[in-house]
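Notes to accompany the following structure.
The values are calculated or read from the model by the stated rules, or taken from the named source; none is laboratory data. All values reported here derive from a predicted model rather than from experimental measurement. With ideal geometry, Cβ positions are generated from the backbone for all residues, glycine too; neighbour counts draw on all protein chains shown. The accessibility values were calculated without ligands, DNA or RNA, using every heavy atom of the protein model including side chains. Shrake-Rupley method; radii C 1.70, N 1.55, O 1.52, S 1.80 Å.
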Number of protein chains: 2
Amino acid sequence: MSAVTIGEAARATGVSAKMIRYYEETGLLAPAGRTAAGYRLYTEADLHALRFVRRARDLGFTMEDIRALLALWHDRARASAQVRRLALDHVADLRRRIDALDGMARTLEDLAAHCGGDARPDCPILDDLASGPHGRPGATPRQGERDPGASPSRRGTR
Amino acid sequence: MSAVTIGEAARATGVSAKMIRYYEETGLLAPAGRTAAGYRLYTEADLHALRFVRRARDLGFTMEDIRALLALWHDRARASAQVRRLALDHVADLRRRIDALDGMARTLEDLAAHCGGDARPDCPILDDLASGPHGRPGATPRQGERDPGASPSRRGTR
DNA sequence: CTTGACCTTCCCACCATGGGAACCCCCACA
DNA sequence: TGTGGGGGTTCCCATGGTGGGAAGGTCAAG
């Protein structure tokens, strides 16, 4: 007993029922038990795992990362170094994305600072945009230049 | 004359042919001219617009934002204040995302700092994850707290 | 005339998430 | 016993930008 349905599990863990099914479907979580009628049932241990996933998502981990973290969690003989590695790699990723966003923000602030922001049409922001993709002329000088080996489709880190 | 095909336009602007077609399809850019055989043709003005879009994407603007920026660009009577507003709103958005990412990074760094990172299995990082979604108990105290009015489905800002 | 580089359209995939339809199940209440 | 409502189930679709690839038309050089 003490197993709950998916709705209650969702409420108890902050993971939507949709996502719980999705996690099961993609093999992130083991298939839940079922009632005779086909309803999914979640034990306290299942809820624990769901909260684990929720927390990891909140910390920005990828599903792939979470898969690894769950495996380590269940492996009672793991070396904490492995977990640490995963966490710090993720931090590095976060910092990279932060830097990218920060560069954008700085550039825009620079441009906005030189923009009248009044009723006249002259606008250095548009002028900059219209000047096309340039290797950041003034703001935030860096040397990476076009970042050839960046992971696919993450330009804006959006 | 002096109009080029989509491949050359892509090379000249740094926007992939795929994306050029996509921008046209979604109405971000006006349909390009065509040769008798149906090949798209790009004038210097078209290339200019493509570079504009590229630059705006590099600065992290949404397609929606870019739509507005293009309209302002083409409106020779625009008030620069409008452009400035758009830019600064976007900066605020960037800063919000940065804060979120930074919070995650800090938390993880905190946890990693207390993790042995050796061959033993004890690991505060996993312990934290296993403790489920909590309102950041120790690490990185801030007051934003769960950000109730945040735009939908951007938890991790990923 | 063939070859190869280019163009066209169309469909599929990603990742994580939500929306909704169509249908089934269970419980409480009259 | 019938019914209503609030669950659950599966399945499909959409998002935002981006890439991959197939099937077929076009063009210039050899």
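Pick out, from B:Pro31, B:Leu50, B:Ser16, the residue whose Cα sits farthest towards the positive end of the charge dipole of the stretch B:6-59, with +1 on the Cβ of Lys and Arg and -1 on the Cβ of Asp and Glu. Most positive-ward Cα: B:Ser16. Farthest toward the dipole's positive end in the stretch B:80-130, which of B:Ile98, B:Ile125, B:Ala81, given Cβ charges of +1 (Lys, Arg) and -1 (Asp, Glu) about the Cα centre? Farthest along the dipole direction, towards plus: B:Ala81.
Taking a sphere under 15 Å around the Cβ of B:Ala9 and counting the other residues whose Cβ falls inside, with K and R at +1 and D and E at -1, yields a net charge of +3. Expressed as a whole percent, the proportion of Cα-Cα pairs in the stretch A:80-130 lying more than 13 Å apart is 68%.
With a 10 Å cut-off around each Cβ of A:116-124, the average count of Cβ atoms from other chains is 6. Peptide packing for A:73-82, B:90-99, A:34-43 was compared via the average number of neighbouring C-beta atoms within 10 Å per residue; ordered from the highest value, the list is B:90-99, A:73-82, A:34-43.
Sorted shortest first, the distances from the B:Thr26 label point to those of the same residue in the other copies are 2.2 nm; each point sits 7 Å from Cα along Cα-to-Cβ.
With its label point put 7 Å out from Cα toward Cβ, A:Gly14 sits 3.9 nm from the same residue's point in the other copies, in order from shortest.
Each Cα pair of the stretch B:1-130 feeds into the Kirkwood radius, which the Stokes-Einstein equation turns, at 25 °C and 0.890 mPa s, into a diffusion coefficient of 134 µm²/s. Shown in residue order for the stretch A:34-47 are the 3J(HN,Hα) couplings computed by the Karplus curve 6.51 cos²θ - 1.76 cosθ + 1.60 at θ = phi - 60°: 9, 7, 4, 7, x, 5, 6, 10, 10, 8, 4, 5, 4, 4 Hz (x for Gly and Pro).
Using a 7 Å projection from Cα along Cα-to-Cβ, the label point at A:Arg95 is separated from the same position in the remaining copies by 2.4 nm, smallest value first.
Under a model in which nothing but the beta-carbon of Lys, Arg (+1) and Asp, Glu (-1) is charged, the stretch A:80-130 shows a dipole of about 520 debye around its Cα centre. Closest approach of a chain B beta carbon to the axis mapping chain B onto chain A (residue, whole Å): B:Ile98, 3. Mean partner shielding of peptide B:97-104, defined as the number of other chain Cβ atoms within 10 Å of each residue Cβ, is 6.
Mean per-residue shielding of peptide B:30-38 is 0, counting Cβ atoms of other chains within 10 Å of each Cβ. Return the value, in Å² to the nearest 100, of accessible area buried between chains A and B (probe 1.4 Å, both sides summed). For chain A against chain B, roughly 5800 Å² becomes buried.
Translational diffusion coefficient of the stretch A:40-91 (Stokes-Einstein, Kirkwood radius from Cα pairs, 4 °C, 1.567 mPa s): 111 µm²/s. The convex hull of the Cα atoms of the stretch A:7-78, projected and averaged over all directions, covers 5.0 nm².
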